[in-house]
Amino acid sequence: MDLDMGKYGLFVWGSFGLSFVALGGLTWLSLYVHAQRRKVLEALQQATEAK
Amino acid sequence: MINFLANPERFTRVTQPLRPWLAGFAGVFLVWGLYLCFASPEDYQQGDTVRIMYIHVPAAILSLAIYAAIGIASFFGLIFRHALADAAAKALAPIGAVFTGLALATGSLWGKPMWGTWWQWDGRMTSELVLFLLYVSYIALHASIEDEIRAAKSTAILAMVGLVNLPIIHYSVVWWSGLHQQNAIITVPDILWPLGIMFAGYACLAAWLFLIRLDSEILGRKYRALRARLTLN
């Protein structure tokens, strides 16, 4: 496997790098929001049960 | 089946076990696909830039597939008042927007060395840009309307009207001549394997993120319903 893309390096690595950042960011954000909403709902449910 | 899954609790119970599998498959396919992307031979004409095809084409296919799913979900939400349809469409939109943006960006990065230009206002590229703007408009419209039911109706209409763009994107290379190449069926194994595996990886990732985001929407609705009940009491 030759990772030297020669004169096309900027375009090839740029494409893969951009894809990694975009999809990685989307994944992180989706998981973060999910965790936050679960935490907030559980806190509200516990507060309701305590009352 | 569709009505069976309309109940949020039931939907969560059925889909929760699928999530780790989808994440696992996405990871395996993406690692395997990336290996194949760089182990495959370069193209005799395009050189190493052919490797961009292995991330550009799957992103482009998913950009259309996800919008079609949003359109179908919007139809079910608007006409059949399916309880989770709007939440499903809302969960899909950012995923589709990211894939569309990637299709445009990687296409541009592929086009510059191959065609000598970053962009051309041809049928395919212009209609794909319109798709990206539809996604952004959908997300912005949903965010701008506070009332959930009104937001769902307005965005459903926007999504269904935008469906007309999908056949335009697909047939644009047939109807108009431009830089973008014609649709083709690839049979060469050296190209087909990395393309197929990367598509599988992207599809599993999109499905996993969709289930995560839909569950987030369901959690948000439960929170708002509980808050409303507490406020009334």
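Computed quantities for the displayed model
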| read-out | value |
| --- | --- |
| Accessible-area composition of the range B:96-137, carbon plus sulfur, in percent [1.4 Å probe] | 72 |
| Alpha-carbon centroid distance for the pair the range B:123-189 / the range A:13-32, whole angstrom | 21 |
| In sequence order, calculated HN-Hα J values of the range B:112-122 (Karplus, 6.51, -1.76, 1.60; Hz; x Gly/Pro) | 4, x, 8, 9, x, 9, 6, 7, 9, 7, 8 |
| Estimated FRET transfer efficiency when R0 is 35 angstrom, pair residue B:192-residue A:48 (beta carbons, to 0.05) | 0.05 |
| Where B:217, B:148 fall by accessible area, highest first, once all protein chains stay in place (1.4 Å) | B:148, B:217 |
| Listed residues B:126, B:12 arranged by accessible area, highest first, probe 1.4 Å | B:126, B:12 |
| Alpha-carbon Rg with Dmax, taken over the protein assembly as shown, Å | 20.9, 72 |
| FRET efficiency estimate (nearest 0.05) - Cβ-Cβ, residue A:4 to residue B:61, R0 25 angstrom | 0.30 |
| Chymotrypsin sites (Phe, Trp or Tyr not before Pro) within the range B:1-53: DSSP coil, no more than 11 neighbouring Cβ in 10 Å | B:44 |
| Residue-level accessible surface for residue B:177, protein heavy atoms, 1.4 Å, Å² | 120 |
| Projected label distance in nm at residue B:12 and residue A:28, using a 7 Å step from Cα toward the beta-carbon | 2.7 |
| Chain B: angle of helix B:18-39 to the longest principal axis, Cα-based, in degrees nearest 10 | 10 |
| Crossing angle, helix B:50-79 versus chain B [Cα axis fit, 0-90 degrees, rounded to tens] | 30 |
| Rh (Kirkwood; distinct C-alpha pairs) - the range B:1-85, Å | 16.1 |
| Residues listed by number, the range B:78-92, amide nitrogen under 14 Å from residue B:157 label point at 7 Å toward C-beta | B:78-79 |
| Contour minus Cα-Cα distance for residue B:150 and residue B:120 (0.36 nm per residue) | 7.0 nm |
| Whole-Hz ³J(HN,Hα) from phi, Karplus 6.51 cos²θ - 1.76 cosθ + 1.60, for the range B:124-136, glycine and proline x | 5, 5, 5, 5, 5, 5, 4, 4, 4, 5, 5, 4, 5 |
| Quotient of Cα Rg and 2.2 N^0.38 Å for the range B:122-233, N being how many residues it contains | 1.51 |
| Cα→Cβ-extended label distance, 7 Å offset, between residue B:81 and residue B:139, nm | 3.1 |
| Probe 1.4 Å - accessible area at residue B:117, Å² to nearest ten | 40 |
| Table column - 3J(HN,Hα) (Hz), the range A:36-47, Karplus curve with 6.51, -1.76, 1.60, x for Gly and Pro | 5, 5, 5, 4, 5, 5, 4, 5, 5, 5, 5, 5 |
| Area hidden from solvent between B and A (accessible, protein heavy atoms only, 1.4 Å, total, Å²) | 3100 |
| GNM flexibility winner over chain B from B:65, B:159, B:93 (Cα, springs under 10 Å) | B:65 |
| Candidate residues B:122, B:190: accessible-area rank, largest first, probe 1.4 Å | B:190, B:122 |
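The values are calculated or read from the model by the stated rules, or taken from the named source; none is laboratory data. No experiment lies behind these values; they were computed from the predicted model shown. Virtual Cβ from ideal backbone geometry, glycine too; neighbours counted across all protein chains shown. The accessibility values were calculated without ligands, DNA or RNA, using every heavy atom of the protein model including side chains. Shrake-Rupley method; radii C 1.70, N 1.55, O 1.52, S 1.80 Å.
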